[in-house]
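Chemist: Can you read through this structure? Questions will come right after.
Since every read-out is calculated from the coordinates, none of them should be taken as a lab result. Just so we're clear, the structure is a prediction, and the values are computed from it rather than from any experiment. When we count neighbours, we look across all protein chains shown, and the Cβ atoms used for this are built from the backbone with ideal geometry, even at glycine.
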Amino acid sequence: MGGLILILILLLYIIYFCFQKVSNKINNKFIYVLGVYSKNNNDKKFAQNIIRLAVERNIDIVLKQYETFNQMIEELDKTSLDFAIMPEERYSDSYLGLNEYNDKKYDNNEFVVGINFNYFYLLSDVFYKDENKNSRISNFSDILNFKKNNKRNYIVGTEETTTYSYLYLIIILRMFGLNPVDISKAEDNLEDNVVLVVTDTKENLYSRFMKKKLDGIFLIDLYHSRFVSQLVRNSDAIFINFDFKENTVFDELLSNYFTKEKIGINSFYSNKISRYFSKNNITSKDHITYFDNDDLNEDIYVEDNLEEELNQITSNLGVFETRKMRNCLITNKTISSDIVYTLANIIIRNNNFLVNKVYYNKFSNTEHGLFEPVDVIYLNENLPYHRGSKKFFEEMKFISYNKKDVEYANANSDEKYDYYWKYSKIGLKQFKFNN
């Protein structure tokens, strides 16, 4: 009898040991789900490259596409989804219960880190403000008098009705006192303030514009949009300024989400810049990440003629005024602090790689120079950081409650951020700045 009890105890011990081993594997090796909006190819590219970077840190993430932001926000809030990439405006409104979210707050969702910025573009055929053709249209407000000068209504194309491009085209037109009308539903004898709207794919919008079936195309897209570059290089399209301040309440109402930006147009016309963004000798030896201990330490070597070309490309031959909107990585309160800390660290450290890969389709850690780390870290005081990303930002002194730290950071911010963006060793050991 005693022998049977001993065998039973031994079997129970073996079962318990095996259960613990399996349990530990399950608990310690989650597969996380990252949601993106299905109509935004740029978000999908960023997501795919973030997933590749995470795999190198032994974090498994799968991509899930959503047909609406609302579905993504709701599943994230209910913890059916672990992470999501979305416009800051959408996250902020859903968390605070503003605008369309008046009846429902999704306050389980929290901010991790900014990913990139998207910009307003209005590309227009050449038209004139007066019958004598002395002055070209150059501002969005010039469309107000388009019918008076051209004897017909302005026709603008944009992406499908479910996209941010369409949503904000309608908002902007209405803020200027213009009346957007679907061209397929338009009647004769339209009023002067009517703007006819065509929705289609980018490929078809391009074709329509080249055949003079559109007067302009409105998009929200990346800084170095390949679509915009292709359009302006192959046509007479001009960049239209968004003169909101003088003519609308856009900045007054939406300055928390959209900031003013001036973009040099010459880079859209150049095809040489792609030569500069190429794999270089500071890329990690065996991995795509800038996170590893075996980064090469040699400085970037740029041939004299390439440097001269770059200087020519980046010297402004002309600029246009626009607005930019930030895309963010969001999670919920239930996600592990360690996982969020690591993801924030990976994304900040590899930001150059992510931007270059998505913008130029190049394997490179060359500094993009489009924005500083602080631009993707700051957050409206009414919104919460996830405890994991907050811990990382505090360690890096991007968030500080010490007045002296804040004063020192303000005095040396450009130098600090420049070094952090450039060198991969920061965070692996304490980095000391020269006084």
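This table checks each residue for (1) among the β-branched types (Val, Ile, Thr); (2) touching a residue at least 12 places away in the same chain (Cβ under 8 Å); (3) out of contact with any strand residue (DSSP E or B) (no Cβ under 8 Å at 6 or more places or on another chain).
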residue	(1), (2), (3)
Asn145	no, yes, yes
Asn149	no, yes, no
Asn153	no, yes, no
Thr158	yes, yes, no
Tyr166	no, yes, no
Leu169	no, yes, no
Asn189	no, no, yes
Asn193	no, yes, no
Val197	yes, yes, no
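Chemist: Run Ser80 past the list (1) among the polar types (S, T, N, Q); (2) surrounded by fewer than 23 Cβ atoms within 10 Å (Cβ to Cβ); (3) in a helix (DSSP H, G or I) and report the number of the one that doesn't hold.
Modeler: With (1) among the polar types (S, T, N, Q); (2) surrounded by fewer than 23 Cβ atoms within 10 Å (Cβ to Cβ); (3) in a helix (DSSP H, G or I) applied to Ser80, the lone miss is (3).
Chemist: Let me ask another. Residues in segment 328-346 that are surrounded by fewer than 23 Cβ atoms within 10 Å (Cβ to Cβ) and within 14 Å of the chain's Cα centre (by Cα): how many?
Modeler: Of the residues in that region, 1 qualify.
Chemist: Kindly evaluate Lys245 against the criterion of being outside any loop (DSSP other than H, G, I, E, B) and charged (D, E, K, R).
Modeler: So Lys245 fits the description; yes.
Chemist: Residues being surrounded by fewer than 19 Cβ atoms within 10 Å (Cβ to Cβ) and part of a loop (DSSP other than H, G, I, E, B): count how many of those fall in segment 87-109.
Modeler: 8
Chemist: How many residues, within segment 106-146, are polar (S, T, N, Q) and within 30 Å of Asn351 (Cβ to Cβ)?
Modeler: Of the residues in that region, 4 qualify.
Chemist: Then there is this: Residue pairs, Cβ under 7 Å, 6 or more apart or interchain, first in segment 102-127 and under 22 Å from Lys202 (Cβ atoms), second among the acidic types (Asp, Glu) and outside any strand (DSSP E or B). List them.
Modeler: Ser124/Asp215; Asp125/Asp215; Asp125/Asp236; Val126/Asp236
Chemist: Looking at Leu144, Leu173, Leu167, can you tell me which residue is within 24 Å of Ser92 (Cα to Cα) and surrounded by fewer than 20 Cβ atoms within 10 Å (Cβ to Cβ)?
Modeler: Leu167
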